[in-house]
Structure formats: C-alpha cells, structure tokens
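S.K.: Sharing a structure below in structure tokens format, with a few things to ask.
The values are calculated or read from the model by the stated rules, or taken from the named source; none is laboratory data. Keep in mind that what you see is a predicted model, and the values were worked out from it rather than measured. Here the Cβ positions follow ideal geometry from the backbone for every residue, glycine too, while neighbour counts run over all protein chains shown.
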Amino acid sequence: MELQKGNDGTGSMIPLSELAVNVPAVIRTVQRTETDLTDNLYALGAVEGTPVEITRRGFYGSPIIVRIKRSHVAMRIKEASLIMVEKSSNTML
C-alpha cells in the first residue's frame with residue numbers, strides 16, 4: 001500500500017495492519033464499513049488521535065493484538081487495514 005503524507009505534514013500514514021509490533025502510533029482515520037467494526041472501535045475509544053500499538057501477531061500474521069488505550073483487542077488483518085495510523089515517538093501510557 002502506498003504511503004500518504006500526514007495531515008500535519010510531519011509523517012506518513014500507514015494502515016494499522018502494516019505497523020510493526022511494539023511501535024507506538026496514533027489513529028488518524030477509520031474507514032467506515034457496513035459491519036459493526038467501526039461502531040465497536042468507537043465504543044472502545046478508538047477515534048482520531050487515540051494512541052494504538054500492536055502488541056502481538058498470530059503465527060501466520062493474523063490475528064493481531066492491538067492495544068487501544070488500556071484495552072487489548074484481537075482483530076483480523078483485513079479489519080486493521082481499514083485503520084490509518086501515523087507512527088508516534090511517544091510511548092503509550
């Protein structure tokens with residue numbers, strides 16, 4: 001997937017699915033779908049500006065375990081590819 005310039009000009013946005021393990025990032029956009037995924041993410045507090053980090057990957061790369069604020073959520077690569085993030089130098093709390 002092609003990298004896109006971040007809104008503030010400081011970094012590049014990538015799909016969450018392409019983020020390396022233990023690299024902090026910030027959610028920039030969540031693509032709306034017809035499934036409940038977007039609503040579930042919003043219910044967890046996964047909105048623009050929320051810090052996220054992949055903490056583990058499954059044996060074949062999927063599912064991934066994502067830390068969103070203080071929650072750990074398992075999601076498929078396909079779902080994670082709908083979330084655009086920007087790498088962050090700040091470590092998560």
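S.K.: Can you name every residue in the stretch 35-69 that is small (Gly, Ala, Ser), modelled with pLDDT under 90 and part of a loop (DSSP other than H, G, I, E, B)?
M.R.: Here is the first cut: in the stretch 35-69, the residues small (Gly, Ala, Ser) are 43, 45-46, 49, 58, 61-62.
Next, from what is left, pick out any that are modelled with pLDDT under 90: 43, 45-46, 58, 61-62.
If the condition is that a residue be small (Gly, Ala, Ser), modelled with pLDDT under 90 and part of a loop (DSSP other than H, G, I, E, B), then GLY45, ALA46, GLY58, GLY61, SER62 are the ones that fit.
S.K.: How many residues does the stretch 17-30 contain that are out of contact with any Asp or Glu (no Cβ under 9 Å at 6 or more places or on another chain) and surrounded by 12 or more Cβ atoms within 10 Å (Cβ to Cβ)? Full working, then the answer.
M.R.: The first filter runs over the stretch 17-30 and keeps only residues out of contact with any Asp or Glu (no Cβ under 9 Å at 6 or more places or on another chain), leaving 18, 20.
If we keep only those that are surrounded by 12 or more Cβ atoms within 10 Å (Cβ to Cβ) too, we end up with 18.
Residues flagged as out of contact with any Asp or Glu (no Cβ under 9 Å at 6 or more places or on another chain) and surrounded by 12 or more Cβ atoms within 10 Å (Cβ to Cβ) within the stretch 17-30 amount to 1.
S.K.: Inspect all residues belonging to the stretch 70-86 and state whether any of them is in a loop (DSSP other than H, G, I, E, B), under 12 Å from ALA20 (Cα atoms) and either of a type in the set (Phe, Trp, Tyr) or modelled with pLDDT under 90 (or both).
M.R.: Of the stretch 70-86, the ones in a loop (DSSP other than H, G, I, E, B) are 70, 76, 81-82.
Next, from what is left, pick out any that are under 12 Å from ALA20 (Cα atoms): none.
No: the stretch 70-86 contains no residue that is in a loop (DSSP other than H, G, I, E, B), under 12 Å from ALA20 (Cα atoms) and either of a type in the set (Phe, Trp, Tyr) or modelled with pLDDT under 90 (or both).
S.K.: Report, by residue number, each residue of the stretch 19-37 that is farther than 22 Å from GLY61 by Cβ and touching a residue at least 12 places away in the same chain (Cβ under 8 Å).
M.R.: Matches in the stretch 19-37: VAL26, ARG28, THR29.
S.K.: All but one of (1) exposed (fewer than 12 other Cβ atoms within 10 Å of the Cβ); (2) without any contact (Cβ under 8 Å) to a residue 12 or more places away in the chain hold for GLY61, so report the exception by its number.
M.R.: Among (1) exposed (fewer than 12 other Cβ atoms within 10 Å of the Cβ); (2) without any contact (Cβ under 8 Å) to a residue 12 or more places away in the chain, the lone unmet condition for GLY61 is (2).
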